[in-house]
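Have a look at this one.
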Amino acid sequence: MKLGRLTLAVTLVISTFSLLSSPSAAATGNTIFTCDYSAGLKARPIDGSGTQSTIGSLTACVELEASGSNIYIGYGAIRRISTNGTGLTTLRTVAGQYGLLINGNYIYYGYEYSKKIGRMNLDGTGANDNWLDYSATTSAPYSGQLAIVGSYIYFGGGENIYGKSIWRIPLTGGTPTLFVTDADAQAGIGGIDSDGTYIYWTDYRVGEIGRAAIDQSSTNDNWVTGLSYPWGIQVADSYVYFNNGNYIGRILRNGTGLQNNWVSNTSGQGLAIADAGVNSTAIAGDTTPPTFPSSETFSVAENTTSVGTINANESATITISGGEDSSKFSLTQSSDSSAALSFITAPNFESPTDVGANNTYIVVLRATDSSSNAGFETVTVTVTDVADIASFNSLAIAEVPVLPTARQSRYLQM
């Protein structure tokens, strides 16, 4: 296997379903883990402070996934180690294994040179190395990288000739279909992750990150450019984190605030984010979640999109967490402790789209500080009516009027 083809598939997805999984969501945790097969497994706080710590004693560590208090490592064998660096265990040796994904109660694993996907329980039992076999679709890529969103598993990577596209296949099986092609990829798709709305991937040799909407409404294979051999990638809260040569980089999910060389990194392949006991001493002093001193209610006139500014009482990442009308809103981080809440589409008082159709929109916001303490606020936005006033753009007379003509009287002289 050539170094240029080593890449990372990092997807942390919380699911309670045994087969059809819920949509992917951003990961949470107080620690960024990275690895490669020469430098081993490293960890540092999610806020970028401090220096990297070595976790356990690992070699041949390329793929990383986090679940609960464990880190899972993949590359020809699937192993598990506690986030505090103890209990290294080999769960299964799988020839040609490369991609790795934790979703719900299962470990999914892909192959660098095979068109199939395996699955087993988190404890390594019940393994089926041919769980999804799509070898009949000759144009599909190998399963070097994996992500699950909704009822589909997305895959890509593998040998360079097949590496420029991401495909998807139902978790129940069937025929895979093309999801996106990275037109300028040279060494194939690198790491893949998703926040449930977009699929993100790294383009190793070109030095880019691509992004495509799950509904295929938009694709930008040059979403982030100018990087240095990006491999692992993971969405966490408001950021997309990625390995970038000897650094960890990050960018806000709205595409702003790019930090190519955010913090140094000595293990530049796998990347995962989770809570870690090894860093508990560094965060033990802060257990208080952020609060929202700003108003919980807003009143907005119809036909406008801006709602208002959301403030946290400390430096925090503010995100949309839920709410029955959450799909109607967007949130843009404007400072380290504030964000702007807006409607995606200006509301119409006469045609409300909120649940209940009563012009009362509800969204739940989350503020997460650097110690992963999270506070929540339910915001109610009431849309008010604006009187419709008729107006004239122009006034015209259909016919030219006949004006009276002055006539001079003439008198006959007798």
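The values are calculated or read from the model by the stated rules, or taken from the named source; none is laboratory data. Computed from a predicted structure; not experimentally measured. Here the Cβ positions follow ideal geometry from the backbone for every residue, glycine too, while neighbour counts run over all protein chains shown.
Pick from the range 154-173 the residues that are out of contact with any strand residue (DSSP E or B) (no Cβ under 8 Å at 6 or more places or on another chain) and part of a loop (DSSP other than H, G, I, E, B): which of them is modelled with the highest pLDDT?
Looking at the filtered set, the residue picked out is Thr172.
Any residue at all in the range 133-143 that is β-branched (Val, Ile, Thr) and touching a residue at least 40 places away in the same chain (Cβ under 8 Å)? Even if it seems obvious, please write down each step before you answer.
The first filter runs over the range 133-143 and keeps only residues β-branched (Val, Ile, Thr), leaving 137-138.
Pick out the ones that are also touching a residue at least 40 places away in the same chain (Cβ under 8 Å) and you get none.
Scanning the range 133-143, I find no residue that is β-branched (Val, Ile, Thr) and touching a residue at least 40 places away in the same chain (Cβ under 8 Å), so the answer is no.
Within the range 76-95, count every residue that is in a loop (DSSP other than H, G, I, E, B) and either modelled with pLDDT under 90 or closer than 24 Å to Ala43 by Cα (or both). Steps first, answer last, please.
Initial filter on the range 76-95 (in a loop (DSSP other than H, G, I, E, B)): 76, 83-88, 94-95.
Still in the list and also either modelled with pLDDT under 90 or closer than 24 Å to Ala43 by Cα (or both): 76, 83-88.
Residues flagged as in a loop (DSSP other than H, G, I, E, B) and either modelled with pLDDT under 90 or closer than 24 Å to Ala43 by Cα (or both) within the range 76-95 amount to 7.
Consider the range 200-236. How many of its residues are of a type in the set (Asp, Glu), over 21 Å from Gly144 (Cβ atoms) and surrounded by 24 or more Cβ atoms within 10 Å (Cβ to Cβ)?
Of the residues in the range 200-236, 0 are of a type in the set (Asp, Glu), over 21 Å from Gly144 (Cβ atoms) and surrounded by 24 or more Cβ atoms within 10 Å (Cβ to Cβ).
Assess whether Tyr72 counts as being among the aromatic types (Phe, Trp, Tyr) and under 25 Å from the mean Cα position of the chain (by Cα).
So Tyr72 passes the test.
Taking only pairs six or more apart or across chains, which ones have beta-carbon atoms under 7 Å, a first residue in the range 211-231 that is at pLDDT 90 or above, and a second residue that is of a type in the set (Lys, Arg)?
Partner pairs satisfying both residue conditions: Asn220/Arg211; Trp223/Arg211.
Oh, and also: Does Pro290 fit the bill of being modelled with pLDDT under 90 and surrounded by 15 or more Cβ atoms within 10 Å (Cβ to Cβ)? Quick ask: steps written out before the conclusion?
On the way: modelled with pLDDT under 90: yes; surrounded by 15 or more Cβ atoms within 10 Å (Cβ to Cβ): yes.
In short, yes.
So, one more: If I filter the range 98-109 for residues that are farther than 18 Å from Gly190 by Cα, part of a loop (DSSP other than H, G, I, E, B) and touching a helix residue (DSSP H, G or I) at 6+ places or on another chain (Cβ under 6 Å), do I get at least one hit? Can you show your working first?
Filtering the range 98-109 for residues farther than 18 Å from Gly190 by Cα gives 103-107.
Still in the running and part of a loop (DSSP other than H, G, I, E, B): 104-105.
When the remaining residues are screened for being touching a helix residue (DSSP H, G or I) at 6+ places or on another chain (Cβ under 6 Å), the result is none.
No, the range 98-109 contains no residue that is farther than 18 Å from Gly190 by Cα, part of a loop (DSSP other than H, G, I, E, B) and touching a helix residue (DSSP H, G or I) at 6+ places or on another chain (Cβ under 6 Å).
Provide a single number: the residues in the range 113-133 that are surrounded by fewer than 22 Cβ atoms within 10 Å (Cβ to Cβ), of a type outside the set (Lys, Arg) and either under 24 Å from the mean Cα position of the chain (by Cα) or assigned to a loop (DSSP other than H, G, I, E, B) (or both).
Qualifying residue count for the region: 8.
Looking at the range 107-116, can you tell me whether even one residue there is aromatic (Phe, Trp, Tyr) and touching a Lys or Arg at 6+ places or on another chain (Cβ under 7 Å)? Please lay out each step first, then the result.
Looking only at the range 107-116, we keep the residues that are aromatic (Phe, Trp, Tyr), and these are 108-109, 111, 113.
Still in the running and touching a Lys or Arg at 6+ places or on another chain (Cβ under 7 Å): 108.
Yes: one or more hits.
So, one more: Please work out which one of (1) farther than 19 Å from Ser165 by Cβ; (2) of a type in the set (Phe, Trp, Tyr); (3) touching a residue at least 40 places away in the same chain (Cβ under 8 Å) is the condition Tyr109 fails and give its number.
Every listed condition holds for Tyr109 apart from (3).
Does the range 344-354 include one or more residues that are surrounded by 14 or more Cβ atoms within 10 Å (Cβ to Cβ) and at positive phi?
No - not one qualifying residue is present in the range 344-354.
Could you give every pair whose Cβ atoms fall below 8 Å, whose first residue belongs to the range 246-269 and is without any contact (Cβ under 8 Å) to a residue 12 or more places away in the chain and on the phi > 0 side of the Ramachandran plot, and whose second residue is of a type in the set (Val, Ile, Thr) and in a loop (DSSP other than H, G, I, E, B), counting only separations of at least 6 or pairs across chains?
Within 8 Å, no pair qualifies.
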